[in-house]
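Engineer: Can you read through this structure? Questions will come right after.
The values are calculated or read from the model by the stated rules, or taken from the named source; none is laboratory data. Just so we're clear, the structure is a prediction, and the values are computed from it rather than from any experiment. For neighbour counting, all protein chains shown are included, and Cβ atoms are generated from backbone atoms with ideal geometry for every residue, glycine included.
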Amino acid sequence: MTIESGTAAGNGRTALVVGATGIAGSALVDTLVGAGWGVLALSRRPGPERAGVKWLSADLTSASSLAAALAPENPSHVFFTAWSRRATEEENIAVNAGMLRDLLAALRGKDVAHVALMTGLKHYLGPFEAYAAGEMPDTPFHEEEPRLPVRNFYYAQEDELWAAAGEQGFTWSVHRAHTVIGHAVGNAMNMGLTLAAQATLCRDSGEPFVFPGSETQWNGLTDMTDAGLLAEHMVWASTTPVAANEAFNIVNGDVFRWRWMWPKLAAYFGVEWEGYQGKPRPLEQSMAGREDQWRRIAGENNLSEPDLGRVASWWHTDGDLGRNIEVVTDMGKSRDAGFTGYRRTLDAFTALFDRYRADRLVP
């Protein structure tokens, strides 16, 4: 599945991308601009100027800030990709469901035709507090599985979306992605840049590139989501009548084992590697205290981001790679509805690493 390019492809549509500087949001901006849409890019801080994009700055946790930023605007389609990590799931629910509720309230009375919400596989796995710890559906995960009997901010966001759709008359879609990799800096969940930073630090200090996760993740099947494919999926659902008012899984379409992938990532960066050796070796421990080393590497190689905290999210990669269950995701519902997009995950990684190098994020 490809998104058409050219001014006519946008068909006069205006997209509001919420969280436009994040992994998914920046990919959406690229995809929509390439297809000729007008784009309103909403974030706390504006991104780089580009043709076809109007940056809007707002605090998503402030209803008044959102209302002020959106008062002059009239988007036809909304793509919500933002989230704010909090200490407890109750706080996650209050803040993240509240951001979506306040944003949709600020759009009340406008000509919004569709709202696409990005969530993820914690819909099936449970929230961070009980991540992959309770009873879960069998893999591969299917969209029709009932909700888990635990509080989850994804469920709260869905409820807000459905309530607003019923009141305001727009159609909606929900997009459940798995470990999204893409181009962004300062993101809380960025395995691609995290692994690139780990490999860079290991190469600099002569250490092996160590797989940090569990035996299950090392040996079992898994899948991932390329941010560009996620963007294509969200645009497809927002403009395809048969996809309206549905929740969809979105992954690349291939499966792999980390014991196959890890040596290939190591080869890209020119480092020796070590696989699983009896127990997890979390990055939050092995990569702790490396800020000065990264700052030196950044200075020696003229990198664009000397702050390791804005490059790597050790905790999130540890969570994904440390799970003790196999995670694979069914794409049949999207295929039946006509979405045929696909990425080979190894190619997605290497293309992303090439872009990081071109942008001087890693040497």
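Engineer: Taking into account only those residues within the stretch 326-363 that are among the basic types (K, R) and over 25 Å from A184 (Cα atoms), which is surrounded by the fewest Cβ atoms within 10 Å (Cβ to Cβ)?
Structural biologist: R335
Residues are listed down the side, and each one gets a yes or a no for (1) out of contact with any Leu (no Cβ under 7 Å at 6 or more places or on another chain); (2) under 25 Å from R344 (Cβ atoms):
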| residue | (1), (2) |
| --- | --- |
| P140 | yes, yes |
| R151 | yes, no |
| Q157 | no, no |
| E160 | no, no |
| A164 | no, no |
| E167 | yes, no |
| H178 | no, yes |
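Engineer: Among S65, S76, which is the only one that is closer than 22 Å to G169 by Cβ, buried (at least 16 other Cβ atoms within 10 Å of the Cβ) and among the hydroxyl-bearing types (S, T, Y)?
Structural biologist: Being closer than 22 Å to G169 by Cβ, buried (at least 16 other Cβ atoms within 10 Å of the Cβ) and among the hydroxyl-bearing types (S, T, Y) holds for just one of S65, S76, which is S76.
Engineer: For a quick check of your reading: which helices (runs of 4 or more DSSP H) sit entirely within the stretch 86-203 and have at least 3 residues that are crowded, with 18+ Cβ neighbours inside 10 Å and not small (G, A, S)?
Structural biologist: The helices (runs of 4 or more DSSP H) meeting that bar are 98-106, 122-125, 153-168.
Engineer: Applying the selection to the stretch 182-216, what residues are small (G, A, S) and either out of contact with any His (no Cβ under 9 Å at 6 or more places or on another chain) or on the phi > 0 side of the Ramachandran plot (or both)?
Structural biologist: Correct list: G182, A184, G186, A196, A197, A199, S205, G206, G213, S214.
Engineer: Considering each of V242, V235, V271 in turn, give the residue that is surrounded by fewer than 21 Cβ atoms within 10 Å (Cβ to Cβ), in contact (Cβ under 8 Å) with a residue 60 or more places away in the chain and assigned to a helix (DSSP H, G or I).
Structural biologist: V242
Engineer: Could we say that L28 is in a helix (DSSP H, G or I) and under 20 Å from L229 (Cα atoms) here?
Structural biologist: So L28 fits the description; yes.
Engineer: Also: Which condition number in (1) in contact with a helix residue (DSSP H, G or I) (Cβ under 9 Å, 6 or more places away or on another chain); (2) assigned by TED's automatic domain parsing to the domain that holds T139 is the one that Q285 fails?
Structural biologist: (2)
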